[in-house]
Each structure stands twice: as structure tokens, then as C-alpha cells.
Amino acid sequence: MPELGRAALALSLGLALYALVAGAYAAATRRRRLARSAQNALLAAFGSTGVASIVLLGALLRNDFSFTYVAEHTSRELPTPYTISAFWGGQEGSLLLWLLILTGFSAAAVVLSRRSAPDLLPWVVPILGLVATFFAFMLVAVSSPFQTQLAPADGAGLNPSLQNPYMMIHPPCLYLGYVGLTIPFAFAMGALLSRRTDELWIVATRRWTLFAWTALGIGQLLGSHWAYVEVGWGGYYAWDPVENAALMPWLASTAFLHSVMIQEKRGMLKVWNVLLVILAFCLALFGTFLTRSGVISSIHSFTQSPLGGWFLGFICLITLGSVALVISRLPILRSKTRMESLVSREATFLYNNLLLVALCLTILWGVVFPLVSEAVHGEQITVSSPYYNFFLRIFGLPLLLLMAIGPLVAWRRASLRSLGRSFAWPAGIALAVGVVLLILGAGSSWIGLLAYTFSAFVLGSIGYEFVRGTRARRALTGGTWAAAFVELVGRNRRRYGGYIVHAAIVLLAIGIVGSSAYDTVRERTLAPGQTMAVSHYDVKYDQLVRRNGANATEFRAILDVKKNGRSVGTLESGKNSYRAEQQTSNEVGIRSDPLTGEDLYVITDQINQNGTIAFKVLVKPLVNLIWISGFVFLIGSLVALWPSAAEQRRLALRYRELRALARA
Amino acid sequence: MLAIFLLYVSVAGGTPSIQPSQLHGRTGDVALVGKVTGSPAGDAQATGLRFRMRDVSGQSASVPVVYRGSVPDMFKVGREVRVEGRLQNGLFIAKKDSLRTKCPSKYVAKKT
Amino acid sequence: MTALALAIGAVLAVACVVFVALPFLREPDPVEDRLDEPGALERRALELAEERDRALAALKELEFDHRTGKISDEDYRELVGPLRARVAEALRALEPHAESTEERVHAAG
């Protein structure tokens with residue numbers, strides 16, 4: 001069976017290479033059948049990669065330890081769901097997942113674009129083939145999941161921290177995002193290679209970009225949640241290079257999603273948009289590379305593998321190649337329109353872009369700084385949270401403000417009159433909220449206060465927009481408020497879906513601010529029966545119990561929790577000791593307050609011989625808003641993503657007219 | 001303009017990451033990266049956990065470390081760790097709660 | 001196991017090769033093998049069509065913003081004139097192309 005896997009991957013490599021070479025030749029010499037043949041090669045590559053994936057999955061489910069990969073990442077007592085997730089738990093398997101998703105998306109993109117963007121396909125196919133060739137080559141020659149060995153009695157098992165439902169979804173979700181960004185990139189390059197300067201590539205890939213961006217966002221949120229509940233240090237984001245690896249392409253994609261709207265409305269910023277999509281894709285590749293090589297010292301370190309060098313080479317190739325292409329097409333990309341006013345929606349979008357890209361580059365700098373300093377000084381100097389948090393505040397607060405102002409400003413030009421009227425209600429709400437918070441004591445952190453006030457401003461302006469729109473809709477068509485609301489959103493999906501997403505981001509910001517600027521931390525060693533007070537909670541250590549779990553021995557401290565003097569139940573916190581993997585893990589106890597979104601977070605630092613336990617207790621206000629924002633984010637994205645029949649018709653008509661013209 | 005600002009902030013705010021063999025005679029705060037060796041003794045929550053660290057690769061001499069704070073789950077002899085602090089009189093005094101372990105493989109953060 | 005693996009592998013390989021060669025197998029002797037691509041005329045028409053759609057969308061948005069109260073009456077009066085002119089101009093510019101397109105579409109049936 002491993003031979004079948006290896007053969008299937010070799011087939012994938014051959015097909016991808018054919019798609020690249022034949023596709024490029026066909027596009028350059030305008031040969032129809034060859035171009036079609038190259039397309040088919042991409043589709044077939046999905047098939048052969050699928051077969052290889054089935055082989056690996058089968059081996060995992062059979063506990064076939066003659067596969068080195070299976071032996072390294074599973075064990076007999078591992079529950080089935082985690083056995084399946086071991087597919088992407090290791091380096092080789094995760095590369096296979098990447099290729100599987102890539103070929104799958106490529107196939108889908110090809111089939112869907114045959115109707116909507118047939119002119120771009122000839123050049124899109126070789127680009128997709130190029131990326132697929134690289135990953136297939138890695139899988140065939142450098143890092144194969146189908147290595148065999150003499151089967152040991154049992155496998156090494158999965159790292160206990162990865163045995164968690166979140167860790168099952170988080171990597172595939174992120175990969176959907178990373179790989180998803182390949183499609184807009186390929187279409188952008190395809191458009192440039194075909195010397196097209198119209199917005200076809202943007203329109204054809206708009207939903208892909210939105211989808212990939214959503215997947216990246218949700219994937220990150222899942223990862224953060226996993227870190228919060230499983231790793232258990234009290235935080236959810238450590239600015240570790242691997243975490244940043246996913247954040248950077250997300251920020252670049254966010255900027256891209258906004259700036260394409262300017263190209264759509266005004267025909268400007270064509271060069272900026274192409275550069276942004278290149279940046280997003282290269283960061284996605286870079287992110288994949290970061291999580292695989294030991295180049296940058298990080299908590300998530302990996303074995304120094306030859307893969308790193310190859311990845312770096314490929315990223316350089318892509319970056320240089322695409323930038324060179326852009327430069328060569330510069331003359332036709334330059335637009336003639338100028339921005340009319342500094343106070344217009346275009347302007348706010350531009351500022352938003354600048355801030356997002358600045359934040360993105362700042363994080364990038366922080367991530368590669370150790371390497372740079374090593375080259376210059378001879379030793380790695382790392383930067384950590386203070387650096388990142390500083391810039392997050394500097395760029396984040398203005399971004400919050402822009403999110404509030406943007407929706408209230410019209411395109412092209414907004415007179416100060418209109419602005420003043422639009423601002424009145426939302427700004428008023430914001431100020432009121434600010435004052436109330438100040439009275440309630442939020443002044444302990446002026447950044448927190450500022451962030452909250454801006455957040456209120458954003459929520460106020462979004463609410464105002466919904467109200468204004470529904471009112472206008474109702475004035476036009478009559479009917480109930482609810483019907484008008486649904487119609488309004490249905491007819492303007494991108495706009496109102498976008499507003500919902502903004503609301504989600506604000507919830508995220510509020511959650512982050514609440515749990516970082518206004519949290520409380522206490523450490524005490526307690527003997528059974530003793531109590532410690534943290535903020536308005538009283539935590540009493542009752543007793544220590546020991547249980548035998550499926551694959552671990554569990555030690556739990558039972559705690560009695562009182563809030564404001566009243567008992568609110570018990571909490572368990574402790575450690576697990578995993579038999580097969582010979583490791584312990586922290587199992588923190590979290591009590592979430594349903595009304596305030598606040599968490600009481602108890603870490604069992606150390607269980608002492610004499611029965612006392614060293615506890616670290618944190619109270620994190622509003623932290624659950626972070627997880628809730630994920631749902632709101634998803635809803636907003638779905639609304640924006642939902643296909644709109646009217647828009648499809650209009651675009652189809654436009655391109656059909658012109659194709660009829662060409663044929664005649 | 002942004003570049004200069006970034007450069008300044010990162011240089012000013014960064015912490016050098018060095019291995020035990022480079023520690024000799026060094027003053028100031030550093031991040032020490034190396035493998036745990038010897039037999040760890042003591043209580044990190046009380047008077048301090050005492051252990052030794054040597055270079056990741058190579059058999060250089062080891063440096064004694066005393067650490068107070070949370071100890072990550074993966075901490076044990078032979079594991080690669082990172083801890084911040086400074087060298088004082090031949091003993092590396094670690095900053096509280098700054099001990100981190102490196103997971104030997106996979107994408108796992110092992111902090112406390 | 002190996003025999004089965006061999007069999008599946010062989011079938012897979014053959015299927016892929018056939019699929020890739022399909023365009024050539026279906027049309028061994030085609031009338032023409034050129035890939036269409038928009039010529040200079042079509043590119044110009046595309047640009048104009050985009051400009052027309054952009055102008056129309058801007059006008060629609062202006063109406064929407066005015067109705068929801070984002071743009072005051074005075075601002076609306078100021079902006080709507082030039083926008084309408086832009087739309088008219090874009091439609092006019094596209095007209096010679098549109099006429100011939102319509103003829104050709106009708107001719108093509």
C-alpha cells in the first residue's frame with residue numbers, strides 16, 4: 001500500500017508539472033486543445049492526490065505501524081477521531097493535506113471559471129501548476145508520508161496537548177485559508193500575464209478571497225481558544241512566530257478586501273491591489289514555512305529539516321517573479337483617476353489599508369528580527385509581547401476609529417455638513433459610554449477606556465447604519481420593519497455583511513481589552529481547606545482526587561467558588577499524566593460567567609508532596625466576547641459571501657456581450 | 001520612516017538569545033537557551049528550582065540556574081528550554097515565570 | 001496487498017493519462033486550434049463597459065446614500081448632475097460598439 005501512495009504522489013507531481021509546462025506553452029502560443037489538456041491535468045492531480053490521501057488515512061485507521069508516519073503520530077489506545085487528525089499532525093501529512101486542498105481548490109476554480117472567466121484560465125492554470133509542482137515535489141522527494149519501517153508493537157502516540165477537539169479543526173481550517181489565497185494570487189498573475197487590466201480577476205476571485213480570509217480568521221480564533229483552555233497559561237495569544245504566521249496573511253487579506261472596493265468603484269489602486277495579493281500569498285507560504293523549519297527560535301520549534309531551505313527558495317522565486325511581472329506591466333496598470341477628497345470613503349479605506357499593512361509589516365519585522373540580528377550581531381535577539389502590544393495599540397486604536405467613521409462617510413466626497421449630521425448619534429453614544437465607564441472605574445487603563453469608547457462609537461455607527469437603511473427601505477416599499485430589514489440586507493449583502501463583520505471585530509477588541517487591561521492575577525499556595533480571594537471571588541481548596549482516564553492518570557483539585565460571597569459551584573483544576581507519551585499536561589479549571597462574560601481561571605502550578613498546592617488564579621473580564629465574536633464574524637462573512645443573483649446576471653451579461661464581439 | 005522607528009524599538013526592546021557557552025562574563029538581561037542537565041532540585045514555588053543548562057549541541061560546561069515561578073509541563077532533563085534573567089556571581093538568576101520549554105516536534109506551545 | 005496496490009496504481013495512471021489526452025483524442029483534426037483572446041477593440045469595449053457599470057453603480061449608491069440620509073439634500077443636488085452626465089457619456093461611448101455587438105449576437109442566433 002505505501003507503494004500506491006508513493007506512486008499516486010509521483011503521478012500528482014507529473015500532472016502538476018505538465019499543467020505548468022504545457023499550460024504555459026499553450027497560453028503563450030494560444031493553443032486551445034493543449035490549454036484544455038493542461039486544465040485536465042490539474043483536475044486529474046486532485047484525483048491522484050486524493051488516492052494518496054486515502055492510502056494514508058487507511059493506514060492510520062488500520063494502525064499500520066509499518067508506515068513510519070503512522071507509528072510516529074498514533075498509538076493503539078488513541079481514540080479514533082484523534083487518529084484521523086494525526087493525518088495533519090505531522091510534517092509530511094500536513095504537506096499532503098496542503099496539496100490535497102490545493103488541487104481540490106484548483107479543480108474547483110478551473111471548473112467554475114470556465115464559464116465566468118475563460119479568458120484568464122490559460123495563464124491561471126500554469127501558475128496553479130507551479131505551486132502544486134512545488135508541494136508535490138516536496139512530498140515525493142523531500143518529505144514523504146509513505147516511508148516504511150519494521151513495524152513496532154505500538155506507536156509513539158499523539159502529543160497529549162493535541163488531543164483536543166479544537167486541534168482537530170484548527171489546522172485544516174487554517175490550511176483552507178492559506179491554500180485559498182493561492183487562487184486570487186493565480187488569477188492576479190494570470191491577468192497580468194494576459195495583459196488584462198480590468199477587474200475580471202478580482203470579480204472572479206472575490207468569493208475565494210472572502211472564504212480564505214474567513215477560514216484564516218476562524219482558524220486563528222480556534223487556535224487561540226485551544227491555547228487558552230488547553231495549554232493553560234492564562235492567555236490566548238503569545239505573539240509566537242507561528243501564531244503570527246497566520247495573523248500576517250490575514251491582515252494583508254483584510255487590507256486587500258477593502259482596497260479592491262476602491263478599484264471597483266473608482267478604477268484606482270490597481271498596482272496596490274496586485275501587490276497586496278502577492279503579499280498575502282507570500283505571507284501564507286512564509287507562514288507554512290515558519291511552522292516547518294527551525295529557522296526562527298520559537299516555542300513551536302521543529303526539527304531542523306531540509307524542507308526549510310526548499311521553502312525559502314520557493315518563496316523567493318514567487319516573490320521575485322511576481323514583482324518582476326508587476327513591474328513589467330506597470331505602464332498599463334497605472335490609472336488616470338485621482339482621489340477627489342481626503343474626506344471620502346476612499347480615503348478612509350486607504351488609511352485603513354495603510355494601517356493594516358503597517359501592522360502586518362511590523363509583525364513581520366518582529367518575526368524575522370532574530371535572523372537579521374544574528375546576521376548583523378552574531379546572536380539572535382528576540383522581541384516579545386511588549387514590542388507587539390505597543391504596535392497593536394498604535395495601529396489598532398486608529399483602525400477602530402476608522403471602522404466607526406468609514407460607514408458614516410459617503411464615497412467620493414463628503415461635505416462637513418453631512419458628516420456632522422451622521423456623526424451626531426454614534427459619537428454621542430460613544431461619549432456617553434465613555435463617561436459611564438470612567439465613573440465605573442475603567443480609568444485604571446486609559447488605553448482600555450479609549451478602546452472601549454471607540455468600540456462604542458463603531459457599534460453606534462453600525463447600528464445607526466442599519467436603522468437608517470431599514471427606515472429608508474421601509475419608506476420605499478412599506479411593510480414591516482422586519483421585512484424591510486431582511487430586504488435591505490438581502491439587496492446589499494456586501495455592505496451589511498461587512499458591517500456585521502466589523503461588529504464582530506469590535507466584540508473581539510472589547511474582549512481582548514477587557515481581559516488584558518482589566519484582569520486580576522493572584523498566586524498562593526493553599527493547604528486543603530484554605531481559601532484565597534481574587535477580585536470578587538473566593539476560591540477554597542477542598543481536596544485532591546485521582547482518577548484513571550482513557551490514556552492518562554488525572555489529578556484534580558476540587559475547588560469551592562464563591563462570587564461576591566455567594567456560592568456558585570465547584571471547579572476542578574489539575575494535571576494529567578499520560579502513560580504512553582510519558583508527559584504531563586496542565587488541565588486548567590475555567591468558570592465562565594454567563595452574564596458578564598468573565599472567566600475565573602485556575603491553574604494548578606505545582607502539587608506538593610505535603611498536600612499543598614500552588615495555585616495561580618486569574619480573573620479575566622469579558623474574555624468570552626472573543627469567542628462569541630467568532631460566531632458573529634462567521635455570520636457576517638456568510639452574508640457577504642452569499643451569491644447575489646442580480647450581480648451574477650450583470651457581470652455575466654457584460655462579459656458575454658464582449659465575447660460575442662470577439663467572435664464576430 | 002516606519003522602518004527607522006521599527007528598527008529603534010526592536011533594538012531597544014529586544015532580548016539577546018544566547019547559549020550557556022556564550023554566557024561567561026556577560027552582564028545584563030539575556031534569554032538563555034539550552035538543554036537541561038544535572039538533577040533539578042528545589043521548589044520553584046518556594047526557595048527556587050535549581051538546575052543546570054548546557055549548550056543544545058556540544059558538550060560545553062554547564063551553567064547553574066535558579067528559577068522561581070511556574071514550571072512548564074514538559075520540563076525535564078534533556079529538554080530544550082528558554083529562560084530569561086541575568087548572570088550574577090556565576091549563578092544565572094532567572095526572571096520569574098519566564099521558563100519555557102521547546103516541544104521536540106509539532107506545533108505545540110509549551111508555556112505556563 | 002502489493003498486487004492490489006499495483007492494480008489500483010495502474011488503473012489510476014491510465015485514467016489520468018487518458019483524461020489529460022482527452023482534448024486531443026476528441027478532436028484529432030480540428031478546424032481551428034486557436035485560443036480566443038480579446039483584441040484591441042474588445043479591450044477598449046471592456047474598459048468602456050466597466051466605466052459604464054461603475055458610473056451606474058455610483059449613481060445608484062448616491063441615491064441610496066441620499067435616501068438613508070448619509071448625504072444631505074444640498075450635497076445630493078451638487079453631486080447628482082455630474083454623475084448623471086458621466087453615465088450618459090459612458091453609455092454614448094459604448095454605443096457604436098453596442099450596436100455592432102447586438103447585430104452580431106442576433107446574427108449568431
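A few notes on this one:
- Stretch gain in nm, segment residue A:653-residue A:76, where the contour uses 0.36 nm per residue and the Cα spacing is subtracted: 201.9 nm
- Helix-only CD estimate at 222 nm, as mean residue ellipticity for the protein assembly as shown, using -39500 (n - 2.57) per DSSP H run (n ≥ 4): -21000 deg cm²/dmol
- Database remark: amide H of residue B:37 closer than 5 angstrom to the amide H of B:52, B:53, B:54, B:78 (H placed geometrically; neighbours at sequence offset of 5 or more, or on other chains; Pro and chain starts carry no H).
- Per-residue shielding of C:34-46, expressed as the average number of other chain Cβ atoms within 10 Å of the residue Cβ, stands at 6.
- Using the Cβ-Cβ distance between residue A:562 and residue B:96 with R0 = 45 Å, the FRET efficiency computed as 1/(1 + (r/R0)^6) comes to roughly 0.95.
- Filter on A:620/B:95; A:620/B:35; A:575/A:620 - keep pairs with C-alpha separation over 27 Å: A:620/B:35
- Cα gyration tensor, region A:1-163 - rounded (a/c under 1.5), prolate or oblate: prolate
- Residue (of A:44, A:156, A:89) at the positive-pole extreme of region A:1-163, dipole from beta-carbon charges: A:44
- Inter-probe distance in nm under a simple model that places probes 7 Å from Cα toward Cβ, at residue A:54 and residue A:114: 2.2 nm
- Under the simplified labelling scheme, the residue C:91-residue A:608 pair shows an inter-label distance of 8.6 nm, with each label point 7 Å from Cα along Cα→Cβ.
- Estimated inter-spin distance, residue A:520 and residue A:491, nm [label 7 Å along Cα→Cβ]: 5.2 nm
- Förster-model FRET efficiency, 60 Å R0, residue C:74 and residue A:390, C-beta, rounded to 0.05: 0.85
- Global form of chain A, assessed from the alpha-carbon gyration tensor, a/c cut-off 1.5: oblate
- Computed FRET value (nearest 0.05) for residue A:638 with residue B:60, which takes r as the C-beta separation and R₀ as 56 Å: 0.45
- Mean per-residue shielding of peptide A:350-363 is 1, counting Cβ atoms of other chains within 10 Å of each Cβ.
- Per-q log10 I(q)/I(0), region A:520-620, q = 0.10, 0.18, 0.21 Å⁻¹ (Debye; single scatterer per alpha-carbon; no solvent): -0.27, -0.81, -1.04
- Alpha carbon centroid spacing (whole Å) that separates region A:461-530 from region A:551-598: 31 Å
- Chain C: C-alpha gyration tensor shape, a/c 1.5 cut-off, then a/b vs b/c: oblate
Read the figures in this text as sums done on the coordinates, not as results from a lab. What you see is a predicted model, and the numbers here were worked out from it, not measured in a lab. Quick reminder, even Gly has a Cβ in these numbers, built from the backbone with ideal geometry, and neighbours come from all protein chains shown.
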